[in-house]
Amino acid sequence: MSKIIVASTNPAKIAAVEQAFEQAFPARLFEFEGISVASGVRDQPMTADETLQGARNRVTNARQAVPDADYYVGLEAGLDGNLTFAWMVIESGQRRGEARSASLPLPPATLEKLHQGQELGDVMDDMFNQTNIKQKGGAIAMLTNHMLSRSSVYHQALLLALIPFLNPALFPAED
């Protein structure tokens with residue numbers, strides 16, 4: 001059984017990781033564990049580069065916290081201009097896969113509050129009269145009238161980040 005460490009305790013993120021690994025490797029058995037580790041970036045990353053760094057930092061910190069896992073997965077949501085999206089980083093041994101999720105536009109009033117230092121989940125809670133939406137469907141669910149969810153969008157990006165593991169001969173391990 002392969003041990004997967006998800007560098008988050010957010011149920012929406014863990015569910016997306018579980019679904020992606022089980023779909024990508026249907027003949028394998030996995031054990032999933034979510035752990036809380038620091039991203040090393042702002043709570044609300046404001047650029048694509050900062051968001052990617054946060055996902056990479058989560059993987060590094062998860063490796064240090066639990067050194068005996070088979071895979072480490074870091075997910076970090078952030079902004080890129082007036083869009084929100086997330087980076088997925090997956091590492092196993094010396095191999096890494098990275099992919100970016102679909103991006104969705106944010107309302108101007110939301111962007112204004114984010115630039116004032118608030119987090120997207122909190123802004124969405126206020127805007128849609130919800131509680132802890134970031135651990136449920138996320139801004140994605142609220143803005144798409146529940147046609148998509150945070151987990152569904154992350155699931156697709158996680159499958160893309162798994163490409164180097166699905167095709168190891170095409171993606172040599174890094175030194």
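The values are calculated or read from the model by the stated rules, or taken from the named source; none is laboratory data. A quick note: this is a predicted structure, and the numbers were derived from the prediction, not measured. Cβ placement follows ideal geometry from the backbone for every residue including glycine, while neighbour counts extend to all protein chains displayed. Side chains included, ligands, DNA and RNA excluded: accessible areas come from the protein's heavy atoms. Shrake-Rupley method; radii C 1.70, N 1.55, O 1.52, S 1.80 Å.
Things to note:
- Members of region 129-165 that are under 16 Å from Ile90 (Cα atoms) and either open to solvent by 80 Å² or more (accessible area, probe 1.4 Å) or not in a helix (DSSP H, G or I) (or both): Gln156, Leu160, Leu162
- Only one of Asp43, Asp68 that is farther than 17 Å from Leu158 by Cβ, at pLDDT below 95 and not small (Gly, Ala, Ser): Asp43
- Residues of region 18-45 that turn out to be within 14 Å of the chain's Cα centre (by Cα) and part of a strand (DSSP E or B), as a count: 1
- Selection status of Ala102, open to solvent by less than 60 Å² (accessible area, probe 1.4 Å), in a loop (DSSP other than H, G, I, E, B) and out of contact with any Lys or Arg (no Cβ under 8 Å at 6 or more places or on another chain): yes
- Residue within region 26-44 that is closer than 19 Å to Ser151 by Cα, open to solvent by 60 Å² or more (accessible area, probe 1.4 Å) and charged (D, E, K, R) present: yes
- Unique residue being acidic (Asp, Glu), under 20 Å from Glu33 (Cα atoms) and open to solvent by 70 Å² or more (accessible area, probe 1.4 Å) when the list is Asp126, Asp68: Asp68
- Residue pairs meeting the criteria (Cβ under 7 Å; at least 6 apart or on separate chains; first closer than 11 Å to Ala7 by Cβ, in region 39-65; second among the charged types (D, E, K, R) and in a helix (DSSP H, G or I)): Ser39/Arg58
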